[in-house]
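The values are calculated or read from the model by the stated rules, or taken from the named source; none is laboratory data. Quantities reported herein were computed from a predicted structural model and do not represent experimental measurements. Glycine gets a Cβ as well: all are built from the backbone with ideal geometry, and neighbour counts include every protein chain shown. Heads up: the accessible areas ignore ligands, DNA and RNA and are worked out on the full protein's heavy atoms, side chains in. Shrake-Rupley method; radii C 1.70, N 1.55, O 1.52, S 1.80 Å.
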Amino acid sequence: MSNNTTDYNRFYQLHYQTRPLVLANAWNAKSAHVIEQAGFQAIATSSGAIADSLGYKDGEQIPFDELLYIVKRISCCSSLPVTVDLERGYANDTDTLIDNIQHLIDLGVAGINLEDAEGEDLYLRKLTCIRDYLTKTRQSLFINARIDAFLLKHPSPLETTLRRMELYEKAGANGLFVTAIQDEDIIREICS
């Protein structure tokens, strides 16, 4: 099984290389093996693919214990850093959220992707809770903040995205992931 601190450091550094970090999504141990053999530098998981492969719908319909089992198999079968699509954290209460985070760290996971579909207030509470816990326990986990303003068709998606980017970065997110953008000019503006 991977070492969380070593994989976190590797994964963090991949975000600061000269070429873009391209992640392939795994849904089981075999797909993780194929991704590693294809030369990718890290592995992401796909919540939808994992859920679908086990007969569940996406959107936290899979029991967290079953997700953990799949993540464990992926981590055990690869030497690459693994980042997990944690959807909305599989919890709204902070105790369960922190418990979920610790289980992933114990598996050697380098990072998570956390969605803000439930709105920025709840998201900021979750993000702050995770960051405070990591600081208090002196552990590392790359937090990729997924911003769903375009995906959910907010009335002002660009303004919402730009505001959330700033809020999430200040709250401790390591990376930002904006979904469902088609317009190249908007992509350039967000990246700048």
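What the table below lists for this structure:
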read-out	value
Degrees between helix 120-137 axis and first principal axis of the chain (Cα, 0 to 90, nearest 10)	40
Equivalent ellipsoid semi-axes, the chain, via Cα gyration tensor eigenvalues times 5, rooted, Å	24, 19, 18
13 Å beta-carbon shell around ASP58, net charge (K/R +1, D/E -1)	-3
FRET efficiency estimate (nearest 0.05) - Cβ-Cβ, GLU66 to HIS33, R0 22 angstrom	0.60
Pairwise label distance in nanometres, ARG125 with TYR12, each label 7 Å out on the Cα-Cβ vector	2.9
Nearest-ten-degree value, helix 94-106 long axis tilted from longest Cα axis of the chain	50
Total charge dipole magnitude, the range 57-192, about the Cα centre, Cβ charges on Lys, Arg, Asp, Glu only, Debye to nearest 20	440
Solvent-accessible area, 1.4 Å probe, carbon plus sulfur percent, for the chain	49
For the chain: accessible area per residue (Å², 1.4 Å)	51
Global form of the range 42-146, assessed from the alpha-carbon gyration tensor, a/c cut-off 1.5	oblate
Cβ-defined net charge surrounding SER46, 11 Å radius [Lys, Arg +1; Asp, Glu -1]	-4
HN-Hα J in Hz across the range 8-16 - Karplus 6.51, -1.76, 1.60, θ = phi - 60°, x for Gly and Pro	4, 4, 4, 5, 4, 5, 4, 7, 10
Additional length obtainable on full extension of the chain from LEU152 to ASP99, 0.36 nm per residue less Cα span	16.2 nm
Local electrostatic count at LEU176 - Lys and Arg +1, Asp and Glu -1, tallied over other residues with Cβ under 14 Å	-3
Extension gain, THR135 back to ASP183 (0.36 nm per residue minus Cα-Cα distance, nm)	13.5 nm
The range 66-81 residues near the modelled LEU54 label - backbone nitrogen below 16 Å, point 7 Å along Cα→Cβ	66-76
